Amino acid sequence: MPFTRLVGRWLFRYRWLFYLVVFVPMALIRWNEIRHFTTWPVGIFLVFIGSSIRIYSAFYIGWKGRPDDPLKRTFTTSGPYRYTRNPLYWGNIIGFAGAAVLFKLLWYIPIAVSTIFLLHHLLIVWYEEERMREKYGESYEHYCKTVPRWGPKLSHLVPVGEDRQPFPILRVFLSELGTIAGLVGTIITALLKELYLSH
């Protein structure tokens with residue numbers, strides 16, 4: 001296996017480490033003196049929207065099942081995948097922007113967003129797309145030509161392939177426990193930090 005492929009696989013498998021590298025400074029750095037009442041509602045709203053996009057996308061992509069599980073994650077062009085090839089990662093980007101607002105680190109928003117975007121765009125998406133091309137061939141190539149990697153574009157708002165029904169809700173939530181934990185953990189961490197710094 002080529003070295004670049006091995007690196008891509010490692011980065012894909014342990015991408016949560018990079019999320020921690022972006023998140024931990026929010027918890028440790030003292031915020032600037034912006035204490036506007038809108039930071040909490042706006043921050044929570046963005047974190048919730050980001051998490052919701054991930055969970056909604058998971059309804060169409062499936063869950064991390066066993067190889068022989070018919071409900072395991074597979075190639076789909078339904079739901080949000082009609083508009084962009086990476087709705088899960090859009091959820092991450094929006095969620096991290098919301099976390100920076102929640103922690104009152106407005107100057108950190110471009111750092112968090114650009115770091116997460118570059119991680120996805122330059123490393124993880126490249127590896128995932130190579131795997132998808134190997135597995136699904138021409139059908140995936142057609143999908144890439146029809147639906148933008150990030151998008152969406154109005155000219156691409158058309159389904160390609162068969163429309164898939166959402167997966168069972170319990171399976172989806174089990175698959176996205178990390179997302180739910182991240183949502184709750186972000187809010188709790190921001191609250192604890194604010195209580196600590198207010199004394």
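Sort Glu134, Glu176, Glu194 so the one with the fewest other Cβ atoms within 10 Å of its own Cβ comes first.
Working: Glu134 9, Glu176 23, Glu194 16.
Starting with the residue having the fewest Cβ neighbours, the order is Glu134, Glu194, Glu176.
Can you give the FRET efficiency for Arg15 and Phe45, using 1/(1 + (r/R0)^6), R0 = 30 Å, r = Cβ-Cβ distance, to the nearest 0.05? Don't jump to the answer; show the numbers that get you there.
Numbers: r = 25 Å, r/R0 = 0.83.
FRET efficiency, Arg15 to Phe45: 0.75.
If I model a spin label at Ala181 and Phe37 as a point 7 Å from the Cα along the Cα→Cβ vector, what separation in nanometres do I get?
According to this spin-label approximation, the distance is 3.6 nm.
Cut-off is 10 Å between beta-carbons; in what order do Phe59, Phe45 appear when sorted fewest neighbours first?
Numbers: Phe59 23, Phe45 15.
So the ranking, lowest neighbour count to highest, is Phe45, Phe59.
Taken together, the values in this text are just the output of simple stated rules run on the coordinates, not laboratory data. On a predicted model such as this, the values are computed, not experimentally measured, just so you know. Heads up, the Cβs are rebuilt from the backbone with ideal geometry, glycines too, and the neighbour counts pull from every protein chain shown.
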